[in-house]
Ligand code: PMP
């Protein structure tokens, strides 16, 4: 393992930051009369600020994921967890990050918002991760590495051992975005957290958990890293409705397993049906709830489907995905509607 010193990676202004101390975090006991936070006494039950650290939700997440509660941060979607990583670790105009490419667009958007140089390392043949090229792209000011497994938009997951090897050989922070992990049989990095002090794993309620509208994302890391996340976040980032919803969802984890099973079966059906169409050039293997498909005319087919009210993601302009559409696995009926329309393309 390369030497890792977390404090040297934290932006100096964040290291010395005196965080906002919310009314609800200063007092932990029970009381009968709350006159501390300028809330309205009327409007129960949503007149009070929510738990700033979402302790009940974290206890439930800890149970479901097998991770200690102090290793969990909850954000307004993974997108908040992504943005906060820049704000904690990267000095604007000075530091840089290295990211595998193509991958999820928000890593680069957040780099640009935070004025941080974004260094892309293209995936190789069959969308393989090039560990040596990732390490070669880093220099003394590289604070973060972005990895996404299973990757959006390519759909493939990487072996945990390869991701762990990269963590061990890089002295900065490695973030593995596991938004689609529930659809993969390659395994999660969560079990390596204790061994890898520079690892942050991101997961979300937006995919397998069927709760994209709720906006709830999870970051898992050492208690020290989670401490910086808590220091920088908005005091009440996860609202009360989202916390209540999450508790209900977490209490019914088997429902999610059922959805995943169904979607994996639907993915297999969709892949077979796409393979039988003349317009299909190549279907990339998927560990996620979408498939990347190279087609005869991506722009034309995208527009054709759109005009029939069927929206897929056109990835034709993305390097390494030229000619490709990214198609989310839907219900049986949605998938049939898509295939029927594609079968009529050009007729
Ligand atoms: N990570 C990846 C890889 C994604 O594809 C997405 C959304 N498409 C996100 C994160 C964002 O997730 P959230 O809804 O939790 O912000």
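Throughout, read-outs are computed from the coordinates displayed, never taken from laboratory work. This structure is a prediction, so every number in the text was calculated from the model and none was measured. Cβ atoms come from the backbone with ideal geometry, glycine included; neighbour counts cover every protein chain shown.
Odds and ends about this structure:
- The distance from the alpha carbon centre of region 1-70 to that of region 269-347 is 43 Å, rounded to a whole number.
- Inter-part distance where region 153-172 and region 90-104 are each reduced to a Cα centre, Å: 16 Å
- Degrees, to the nearest 10: 298-307 long Cα axis against longest axis of the chain: 80 degrees
- Sites residue 18 and residue 296, calculated FRET efficiency, Cβ-Cβ separation with R0 45 Å, nearest 0.05: 0.15
- Within region 155-226, percent of DSSP bridges classed antiparallel, to nearest 5: 50 percent
- Relative contact order (percent, whole number), region 1-87, Cα cutoff 8 Å, 6+ residue spacing: 18 percent
- Nitroxide proxy distance, nm - points 7 Å out along Cα→Cβ at residue 194 and residue 308: 5.3 nm
- Rounded to 5, percent antiparallel among DSSP beta bridges of the chain: 50 percent
- Going by neighbour counts of Cβ atoms within 10 Å, the residues 233, 340 line up, fewest first, as 340, 233.
- Computed lengthening from residue 276 to residue 320, 0.36 nm per intervening residue step minus Cα-Cα distance: 13.5 nm
- Taking the C-alpha atoms only, the angle from helix 240-250 to the longest principal axis of the chain is near 60 degrees.
- The Cα atoms of the chain give a gyration tensor whose axes a ≥ b ≥ c have a/c of 1.5 or more with a/b no greater than b/c, which makes the shape oblate.
- Summary of packing: across the peptides 20-33, 219-232, the per-residue average of other C-beta atoms within 10 Å ranks them, highest first, as 219-232, 20-33.
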